[in-house]
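Here the structure comes first, spelled out in C-alpha cells, and everything after it is commentary.
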Amino acid sequence: MSDPSPALDAVISRREALADGIIGLELESADGTPLPPFEAGAHIDVHVKPGLIRQYSICNDPAEHTSYRLGVLQATNSRGGSIEIHRSFTEGRRIKIGFPRNNFRLAKDRGRSVLLGGGIGITPLLSMALRLKRHGERFHLHYCTRARSHTAFLAELEAELASHASVHFDDGPATQRFLARKIAFTPEEDTHAYVCGPQGFMDWVIGEMKQLGWPDGNIHTEHFNAAVDSGGASFQVIAARSGTIVEVPPGKTIAEALAARGIDIPLSCEQGVCGTCLTKVLNGIPDHRDFFQTDAEKATNRWMTPCCSRALTPTIELDI
C-alpha cells in the first residue's frame with residue numbers, strides 16, 4: 001500500500017509482433033546498468049505520455065536482470081494507453097518506467113501450481129511458468145485464446161514449456177477446448193491456482209473452481225481491466241489535510257469530485273486495479289469497488305481507492 005513507484009529511465013531495445021494486435025517490447029536500462037530485480041507476477045508502471053500511466057506485467061524469467069519483456073494488446077476499448085504504445089513505442093525510444101511491484105505473487109506454501117490464463121492474461125503467468133520450470137516445481141499452464149493467430153508467446157510455449165503448457169483455441173477442435181470444471185479439479189491443500197485474463201473469463205473460471213470446493217486462499221487473481229461503476233447515492237468526502245468538504249454525486253468518482261476542487265490524487269489505471277490512488281480512511285465506511293485489495297484488507301476499511309470506490313456512510317474522511 002505505497003505511493004506510485006519512482007521512475008526509471010529505460011530504452012526500448014526490441015519491438016516485435018507477437019500475434020494479431022499484440023506487440024512485444026523488450027526494455028533495458030538507458031544507462032546500461034542492470035535493471036532492478038523482479039519476482040514472477042510483477043508489473044511495472046509505463047509512462048505512456050504526460051499524464052498517462054499504465055501497468056504491464058513483466059513476462060520474462062525473473063532470473064534475467066538485463067531486460068524486462070512486456071506484451072501489449074491494443075485493446076478495442078482502449079482509453080488511449082495501448083493505442084499510443086502501438087503507435088509510438090519504437091525501437092530506440094527512451095521511456096520512463098516504474099520499479100517492479102507485485103500483487104500477484106506465487107504462494108509460499110505452494111505444492112502444485114495451476115496457471116489459468118485468457119488472452120493477454122498470459123503475461124504474468126508466463127513469468128511464473130518460467131520460474132517454476134527453472135526450479136523444477138510441479139505446475140501446468142492452461143492458456144485460452146480466440147485463435148492461433150491471436151496467441152502471443154506461442155513459440156516459447158511450444159518449445160521451452162511444451163511439457164508444462166496446454167493452449168486452447170476457441171476456434172479449434174472440441175477435443176482441445178478448455179473445460180474449467182475438468183481442469184480445475186478439487187485441489188489438494190497445497191495446490192494453488194493463478195487466474196488472469198478478461199473479466200468474463202476470470203468470473204467463469206473462479207465460479208467453477210469455487211463450486212468444486214476451492215478455498216478462496218488458494219485462488220490468486222490479477223485483473224487487467226475492470227468496468228467502473230460510479231452509480232449510487234450522493235455522499236460527502238472530507239479532505240482532512242485542508243478540511244475541504246466535497247459532494248460526490250452519482251456518476252462521478254471521488255477523485256473526479258476532488259480534482260474539480262483543485263485536490264489531485266495520484267491516478268493511473270482509474271479502474272481500481274493498480275493501487276496507485278490507495279488512500280487512508282480516517283472516518284466513515286468505504287463502498288469498496290476495487291480489485292486491488294484483498295477481501296481481508298477491504299474488511300478493515302483502513303484504505304480505499306478514490307478512483308472507483310464510494311461510501312456507505314453519508315460522509316467519509318480521507319487522509320488527503
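The values are calculated or read from the model by the stated rules, or taken from the named source; none is laboratory data. Source: prediction; values computed, not measured. A quick note on method: Cβ atoms are made from the backbone with ideal geometry, for glycine too, and the neighbour counts reach across all protein chains shown. Just so you know, the surface numbers come from the protein's heavy atoms only, side chains and all, with ligands and any DNA or RNA stripped out. Shrake-Rupley method; radii C 1.70, N 1.55, O 1.52, S 1.80 Å.
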- Task: Would you please give the FRET efficiency between residue 107 and residue 84, computed as 1/(1 + (r/R0)^6) with r the Cβ-Cβ distance and R0 = 41 Å, to the nearest 0.05?
- Result: 0.70
- Surface/4 estimate of mean projected area, convex hull on alpha-carbon atoms of the stretch 111-171, nm²: 3.7 nm²
- Would you pull out the residues with amide H under 5 Å of residue 165's amide H, same chain only if 5 or more places away, H placed 1.01 Å from N? 141
- Extent along principal axes [Cα atoms of the stretch 178-320; Å; largest to smallest]: 54, 25, 24
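Please report the relative contact order for the chain, taking Cα pairs under 8 Å with a sequence separation of at least 6, and give it as a percent rounded to a whole number.
Working: 678 pairs, mean separation 46.4, N = 320.
Reported as a whole number, the value is 14 percent.
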- Heavy atoms only, probe 1.4 Å: what % of the accessible area of the chain goes to carbon and sulfur, would you let me know? 50 percent
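Given Cα positions, please report Rg to Rh for the chain, the hydrodynamic radius being the Kirkwood one.
Values: Rg = 20.3 Å, Rh = 20.8 Å.
The Rg/Rh ratio comes out at 0.98.
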- Message: Nearest 500 deg cm²/dmol is fine: what mean residue ellipticity at 222 nm does the chain get from its DSSP H runs of n ≥ 4 alone, each adding -39,500 (n - 2.57), divided by its residue count?
- Response: -4500 deg cm²/dmol
- Could you run the Karplus curve 6.51 cos²θ - 1.76 cosθ + 1.60 with θ = phi - 60° over the stretch 249-266 and give me ³J(HN,Hα) per residue in whole Hz, x for Gly and Pro? x, x, x, 10, 8, 4, 4, 5, 5, 5, 4, 5, 9, x, 10, 9, 10, x
- Across the alpha-carbon set of the stretch 68-180, Rg over Rh with Rh taken as the Kirkwood radius works out to 0.99
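Give, to the nearest whole percent, the P(r) tail of the stretch 243-313 beyond 17 angstrom, counting all Cα pairs.
Working: 937 of 2485 pairs.
Here the tail beyond 17 Å accounts for 38 percent of pairs.
If you count only protein heavy atoms with a 1.4 Å probe, what accessible area per residue comes out for the chain, rounded to a whole Å²? Mind showing how you got there, number by number?
Values: 14690 Å² over 320 residues.
Per-residue accessible area for the chain comes out at 46 Å².
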- Item | 16 Å reach of a label modelled at residue 240, 7 Å along Cα-to-Cβ, counting backbone N of the stretch 292-320 | 300-306, 315-320
- So residue 247 and residue 94, fully extended at 0.36 nm per residue minus their Cα-Cα distance, gain in nm 50.9 nm
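Using the Cα centre of the chain as the reference point, and only Cβ charges (+1 on K/R, -1 on D/E), how large is the resulting charge dipole? Debye, rounded to the nearest 20.
Details: 33 positive and 38 negative charges, 40 e Å.
With only Lys, Arg, Asp and Glu charged at Cβ, the dipole is about 200 debye.
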- For residue 224, distant residues with modelled amide H under 5 Å away: 197
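What does the net charge come to around residue 238 if you take all other residues with beta carbon closer than 15 Å to its beta carbon, with K and R at +1 and D and E at -1? Walk me through the numbers before you get to the answer.
Working: positive: 241, 261, 280, 310; negative: 247, 317, 319.
Combined, the nearby Lys, Arg, Asp and Glu give +1.
Equivalent ellipsoid semi-axes for the stretch 1-158, as square roots of 5 times the alpha carbon gyration tensor eigenvalues: give them largest first, rounded to whole Å. Working shown, then result.
Numbers: eigenvalues 116, 77, 42 Å².
Computed over the stretch 1-158, the values are 24, 20, 14 Å.
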